[in-house]
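A.B. asks: Next up is a structure, given as structure tokens.
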Amino acid sequence: MMFPQSRHSASSQSTQLKFTTSDSCDRIKDEFQFLQAQYHSLKLECDKLASEKSEMQRHYIMAEIVKRLNGICAQVLPYLSQEHQQQVLGAIERAKQVTPPEMNSIIRQQLQVHQLSQLQGLALPMTPLPLGLTQPTLPTSNSGLLSLSSILASHAHLAKEDKNFRDGADGHREEDADKSD
């Protein structure tokens, strides 16, 4: 009689073992999915922090550039003529009023121009140049600041011309009014 009973208990242990194995696999699967979701969440948070770090570094670098340019302008300003001093001071004041979205727009435009010039540079035919002429080179990274300053200067110049035009038009109106009296 011992034999059939041990056979029954072995069969029951086998069923119990299969059941616990299936449960264990399900628990492992659930835990794995939970860990995967947690990993994804942490990865997104890490990416967000990396982006914020990059943005903070960019702001710090821009602040350093502003501080150095301001120092350079302060050193050079006394050596300029009175007219040029006024132009530089006006440009500095306008530059202080540039908002971050405007700055980003200008930078984006400069990047597009730079990329376009690179594409055009690649499309140039590779024919030999006459003696004494050299192949044009692509602008270096410093050209971005020069381009930015030239854009700001051109905007300043256009604004000045517009103001002079408006002032001139007002002046002519006043002269016309004086003549009619």
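A.B. asks: With r as the distance between the Cβ atoms of ASN104 and GLN38 and R0 = 30 Å, compute the FRET efficiency 1/(1 + (r/R0)^6) and round to 0.05. Provide the component values of the computation, followed by the final result.
C.D. replies: Numbers: r = 35 Å, r/R0 = 1.16.
With a Förster radius of 30 Å, E is 0.30.
A.B. asks: Under a 1.4 angstrom probe, counting protein chains only, how are ILE107, ILE92 ranked by accessible area, largest first?
C.D. replies: Numbers: ILE107 60, ILE92 40 Å².
Ranked from most to least accessible, the order is ILE107, ILE92.
The values are calculated or read from the model by the stated rules, or taken from the named source; none is laboratory data. If you're wondering where the values come from, they're calculated on a predicted model, not measured in any experiment. Cβ: placed from backbone, ideal geometry, glycine included. Neighbour counts: every protein chain shown. When the accessible area is computed, the model is the full protein with side chains, heavy atoms only, and any ligands, DNA or RNA have been set aside. Shrake-Rupley method; radii C 1.70, N 1.55, O 1.52, S 1.80 Å.
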